[in-house]
Amino acid sequence: AASYFAGRAWEAARERERAEQALGRVIAAAPGTKWAQEAERALERSEAPYRKRRPWARVIGGIAYDDNVLLRGGGVARPSQISDEEDWGGVWELQGGAEFFRNADWAGGALVGYYGRAYADLDEFDTHFPSATAWIDRSLGEKTYLRLKGDFGYAWVDYEPYLVAPGGTLSLHRDWGEAGTGRFFAFYQWRDYRFDLSYEAQNRDGQDFGGGYDHSYSAGSHTVLRGGAVINRYDSQIGE
């Protein structure tokens, strides 16, 4: 019992090596007992902050109907042969990421993604949008951490340069226990539209920034409720 409580005390003081030694003595001296079981659980919890997430990948695909393709392509030169705003098409998203390092105080990683959309008839509005993201986390306690994330995306429409979009997000994540988890965040993005302008007033280059809060609540073993609020402002160079 003395070694168990000593191990928990060293764990609270973030003295990982001493905590593991004390808890290891409990397991060695009293194998199979309740004290040993609790010591094993404590060791698993102490190792968790140092255990990197495995690399992951996600693939999403489907078919979508768009009843106003020209609105989605607002600001793009419209080919004269387009006579219909409605179209079907395929959409897909690929994503892969990895965590590069993790310890009790810091963690960091990166991911790359690619979003695509191809129309059946209005292929002048086919979209390709690869992106890259890197982040670093700083622990502020057992239930709170701060994340700084930077991202960059480059979009093509009909294989012509359309948008360059670098940006970043600062977020504070908090575990509220039984009430769920929440995230306070603020973001900034610069949008540089690269398509040829037919007239100067179409220049939509500008800055998108804002912030908000979102929350996740587990309503059962298979149900998670998510909600939140965000406010943002977009300052463009229209008319300049």
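The values are calculated or read from the model by the stated rules, or taken from the named source; none is laboratory data. Because the structure is predicted, anything quoted here is derived from the model rather than measured. So basically every Cβ, Gly included, is an ideal-geometry build from the backbone, and we count neighbours across all protein chains shown. Remember, those area values only see protein heavy atoms, side chains included, never the ligands or the DNA or RNA. Shrake-Rupley method; radii C 1.70, N 1.55, O 1.52, S 1.80 Å.
Key figures
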{"quantity": "Unmet requirement for Leu163, which otherwise passes all of (1) open to solvent by 40 Å² or more (accessible area, probe 1.4 Å); (2) in contact with a Lys or Arg (Cβ under 8 Å, 6 or more places away or on another chain)", "calculated": "(1)"}
{"quantity": "Matching residues, the range 18-34, being surrounded by 14 or more Cβ atoms within 10 Å (Cβ to Cβ) and assigned to a loop (DSSP other than H, G, I, E, B)", "calculated": "Ala30"}
{"quantity": "Odd one out for Ala155, checked against (1) open to solvent by 60 Å² or more (accessible area, probe 1.4 Å); (2) under 26 Å from Gly113 (Cα atoms)", "calculated": "(1)"}
{"quantity": "All positions within the range 1-17 that are within 35 Å of the chain's Cα centre (by Cα) and surrounded by fewer than 16 Cβ atoms within 10 Å (Cβ to Cβ)", "calculated": "Ala9, Ala12, Ala13, Arg14, Glu15, Glu17"}
{"quantity": "Total residues in the range 119-148, condition closer than 29 Å to Trp106 by Cβ and surrounded by fewer than 18 Cβ atoms within 10 Å (Cβ to Cβ)", "calculated": "15"}
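Here's the yes/no breakdown for (1) closer than 27 Å to Asp192 by Cβ; (2) at pLDDT 90 or above; (3) open to solvent by less than 80 Å² (accessible area, probe 1.4 Å):
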site	(1), (2), (3)
Tyr65	no, yes, no
Val69	yes, no, yes
Arg72	yes, no, no
Gly75	yes, no, yes
Arg78	yes, no, no
Trp88	no, yes, no
Val91	yes, yes, yes
Ala98	no, yes, yes
Asn103	no, no, yes
